[in-house]
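Beneath this line is the structure, given in C-alpha cells, with notes to follow.
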Amino acid sequence: MPPAHKKNIIWHQPVVTKQDREALFGHRAVALWFTGLSGSGKSTLAHEVERILHQRGCHTFVLDGDNVRHGLNSDLGFSPQDRVENIRRLAELVRLFTDAGVIVLTAFISPYRADRERARRLLAPGDFFEIYCRCSLAVCEQRDPKGLYKKARAGLITDFTGISAPYEKPTSPEIRLRTDEEEPDKSADKIFQYLVNNGFLETNF
Ligand code: ADX
C-alpha cells in the first residue's frame, strides 16, 4: 500500500476482545499450524483433531491449502514469490480467526521456514503451534492421493515441493509426528493431549 494511503487508515480497537471471546468459549484461541509435504497427512490430521475438539465443545475451523487456493488465493500459483504471498495472506487470516476466539487448524505445505516464523510472530506469543508432519518423500509419493507426484515426475507440473521445489524442515516445532509410521488417530490423540497438558482447553483460565 502506498505510504500516502497508509497514513489515512486508523486501527480501530475492538470493544469485545479476544480474551472476552476466549472466556465465553471456555478455551484459548490458538493456531495449530500443520506443515509438511503434499500427501504427508496434514489435512487428514487437522480434520481429525478438529473432530475431537468439536466434540468437546470447542470452536474450531480448518483452513486447507487446496481449498483456500480455490477462492481467496485463486490468483496465486506455486512460484517462490506466490508461495510467500500465499502464506502471508493465510497468516493474516489465521490471526483474524484467533482474534475471533476460534482454534484454527491449518493444512498448508508452507515450505519456507521464514514464512512460518513470520506467521508465528503475527500471533500473540504462545498462540502458534507448529506441527511438523514428518513423512518421507517415498511414502508421500507412494500415496500420491491426487496423482500430482506422478505428474511432477513426468515434468507436467513444475515447482513441485519435494521434487522440483524445496521444503525447509522445521527446526524446533512444538509437535513432531511421524505421519509415515503412525496412524492418524494416534497422532491426533497426541496433539489433543498436548493441548490438555498445556492447559489450553481449561474452562476457567
Ligand atoms: S504452499 O506451498 O503454498 O503452502 P499449499 O498448501 O497452499 O502450498 O498448496 C499445496 C497443494 O496444492 C498440494 O497439496 C497439492 O495438492 C497442490 N499443488 C499443486 N501444484 C503444486 C506444486 N507445484 N507444489 C506443491 N503442491 C501443489
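Remarks
- Lone qualifier among Gly57, Gly39, Gly71, Gly101 - being of a type in the set (Gly, Ala, Ser), part of a loop (DSSP other than H, G, I, E, B), over 14 Å from the mean Cα position of the chain (by Cα) and crowded, with 22+ Cβ neighbours inside 10 Å: Gly39
- Qualifying residue in the stretch 96-105 (condition: on the phi > 0 side of the Ramachandran plot and away from the ligand (no atom under 13 Å from the Cβ)): yes
- Residues (in contact with an Asp or Glu (Cβ under 6 Å, 6 or more places away or on another chain) and within 12 Å of the ligand (Cβ to nearest atom)) located in the stretch 131-156: Tyr149
- Applying the condition of being more than 16 Å from the ligand (Cβ to nearest atom) and without any contact (Cβ under 8 Å) to a residue 12 or more places away in the chain to the stretch 106-125 and asking which residue is surrounded by the fewest Cβ atoms within 10 Å (Cβ to Cβ) yields Pro125.
- Single residue of the stretch 16-36 satisfying the filter (β-branched (Val, Ile, Thr) and surrounded by 18 or more Cβ atoms within 10 Å (Cβ to Cβ)) that is farthest from Cys133 (Cα to Cα): Val30
- Gly26 vs. criteria more than 15 Å from the ligand (Cβ to nearest atom) and more than 14 Å from Thr179 (Cβ to Cβ): yes
Per-residue answers, yes or no, for (1) modelled with pLDDT of 95 or more; (2) surrounded by 16 or more Cβ atoms within 10 Å (Cβ to Cβ); (3) among the charged types (D, E, K, R):
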residue	(1), (2), (3)
Phe160	yes, yes, no
Ser164	yes, no, no
Ser172	yes, no, no
Leu177	yes, yes, no
Lys186	yes, no, yes
Asn197	no, no, no
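- Any chance Asn86 is of a type in the set (S, T, N, Q), more than 14 Å from the chain's Cα centre (by Cα) and surrounded by 14 or more Cβ atoms within 10 Å (Cβ to Cβ): no
- Among the residues of the stretch 157-179, those that are within 24 Å of Phe128 (Cα to Cα) and within 16 Å of the ligand (Cβ to nearest atom) comprise Thr161, Pro166, Tyr167, Glu168, Lys169, Pro170, Pro173, Thr179.
The values are calculated or read from the model by the stated rules, or taken from the named source; none is laboratory data. Predicted, not measured: the structure shown is a model, and the values here were computed from it. Counting neighbours? That spans all protein chains shown, and the Cβs are built from the backbone with ideal geometry, glycine included.
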